[in-house]
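The values are calculated or read from the model by the stated rules, or taken from the named source; none is laboratory data. Everything quoted here is computed from the prediction, not taken from an experiment. Neighbour counts run over all protein chains shown; Cβ positions are idealised from the backbone, glycine included.
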Amino acid sequence: MAPAPPASPSPSPAVPLLDMAPVIPVVVLEDAADAVPLARALVAGGLPVVEITLRTAAAGEAIRAITAEVPEAVAGAGTVLTPGQAQDAVDAGARFLVSPGWTESTLEAMLGSGVPALPGVSTASEVVALLERGVREMKFFPAEAAGGTAYLKALASPLPQARFCPTGGIDEASAAGYLALPNVGCVGGSWMVPADALAARDWPRVQRLARAAAALRG
């Protein structure tokens with residue numbers, strides 16, 4: 001029997017979430033039974049960090065399954081909108097939390113969850129507000145609609161403390177431009193988990209797409 005692959009490092013001060021992989025797949029799963037083979041395909045392709053969005057009833061069970069059965073994957077919850085969702089996701093085994101934006105109550109829940117959190121921002125004022133709270137790593141959303149690489153480049157000089165995971169409208173063609181910016185640690189996207197591949201359970205295709213995404217930062 002082949003030895004089990006080594007477990008991926010967990011997000012920590014030594015290994016920040018934004019530095020674990022160049023791309024975080026953003027996944028919408030309708031069937032929790034797909035979670036484990038999907039995570040294994042992504043890990044095999046070099047993308048161990050997986051954001052399962054809380055947009056479907058299957059999300060919690062999907063996170064629980066990946067955490068239990070694919071220890072080399074780092075499964076987190078995306079589209080966290082309420083304090084209750086943050087707690088439920090952590091209870092399911094989520095190892096990080098991501099929100100498209102934040103309110104005070106949701107931010108408090110995310111920061112107090114015990115796992116890394118990426119609250120979403122789209123304006124300089126929101127970035128400054130999070131910096132005041134000690135938050136240095138953020139999601140920039142919706143990236144393309146909110147100004148893309150030009151906007152992030154403009155933020156880098158006055159706000160060099162902030163690091164971002166841009167998400168929203170990013171594809172394989174545009175990802176490299178974001179990754180070249182000094183204040184971008186990684187990007188989020190769904191191009192390596194296309195809906196038709198998920199529907200067909202075409203895990204070899206997902207693995208190939210993941211491998212290409214992982215190579216965007218050589």
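Summary table
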quantity: Residue in the stretch 163-177 that is without any contact (Cβ under 8 Å) to a residue 40 or more places away in the chain, of a type in the set (Ser, Thr, Tyr) and outside any loop (DSSP other than H, G, I, E, B) present; calculated: yes
quantity: Pairs with Cβ under 7 Å, 6+ apart, first in the stretch 128-146 and on the phi < 0 side of the Ramachandran plot and among the aromatic types (Phe, Trp, Tyr), second surrounded by 14 or more Cβ atoms within 10 Å (Cβ to Cβ) and in a loop (DSSP other than H, G, I, E, B); calculated: PHE140/SER122; PHE140/ALA146; PHE141/PRO100; PHE141/SER122; PHE141/GLY168
quantity: Failed item in (1) touching a helix residue (DSSP H, G or I) at 6+ places or on another chain (Cβ under 9 Å); (2) in contact (Cβ under 8 Å) with a residue 60 or more places away in the chain; (3) not in a helix (DSSP H, G or I), with GLU51 passing the rest; calculated: (1)
quantity: Qualifying position, being closer than 23 Å to VAL23 by Cα and touching a Leu at 6+ places or on another chain (Cβ under 8 Å), among LEU155, LEU118, LEU131; calculated: LEU118
quantity: Selection status of VAL50, more than 11 Å from the chain's Cα centre (by Cα) and modelled with pLDDT of 95 or more; calculated: no
quantity: Index of the failed condition, PRO119 passing every other in (1) within 20 Å of ALA162 (Cβ to Cβ); (2) surrounded by fewer than 20 Cβ atoms within 10 Å (Cβ to Cβ); (3) free of Cβ contacts under 8 Å to residues at least 24 places away in the same chain; calculated: (2)
quantity: Test result for ARG211, within 16 Å of ALA21 (Cα to Cα), surrounded by fewer than 19 Cβ atoms within 10 Å (Cβ to Cβ) and either of a type outside the set (Val, Ile, Thr) or touching a residue at least 24 places away in the same chain (Cβ under 8 Å) (or both); calculated: yes
quantity: Checking VAL128 against (1) surrounded by fewer than 17 Cβ atoms within 10 Å (Cβ to Cβ); (2) among the β-branched types (Val, Ile, Thr); (3) within 20 Å of the chain's Cα centre (by Cα), the condition it does not meet; calculated: (3)
quantity: Pick from the stretch 131-148, criterion of a type outside the set (A, V, I, L, M, F, W, C) and surrounded by fewer than 19 Cβ atoms within 10 Å (Cβ to Cβ), ranking: nearest to ARG95 (Cα to Cα); calculated: ARG136
quantity: From THR106, THR67, THR149, residue being modelled with pLDDT of 95 or more, in a helix (DSSP H, G or I) and under 17 Å from MET20 (Cα atoms); calculated: THR67
quantity: Single residue of the stretch 70-85 satisfying the filter (out of contact with any helix residue (DSSP H, G or I) (no Cβ under 7 Å at 6 or more places or on another chain) and closer than 24 Å to PRO22 by Cβ) that is surrounded by the fewest Cβ atoms within 10 Å (Cβ to Cβ); calculated: PRO71
quantity: The stretch 182-204, residues that are crowded, with 17+ Cβ neighbours inside 10 Å and more than 17 Å from the chain's Cα centre (by Cα); calculated: ALA197, LEU198, TRP203
quantity: Those residues of the stretch 31-48 which are assigned to a loop (DSSP other than H, G, I, E, B) and either buried (at least 18 other Cβ atoms within 10 Å of the Cβ) or free of Cβ contacts under 8 Å to residues at least 60 places away in the same chain (or both), in sequence order; calculated: ASP31, GLY45, LEU47, PRO48
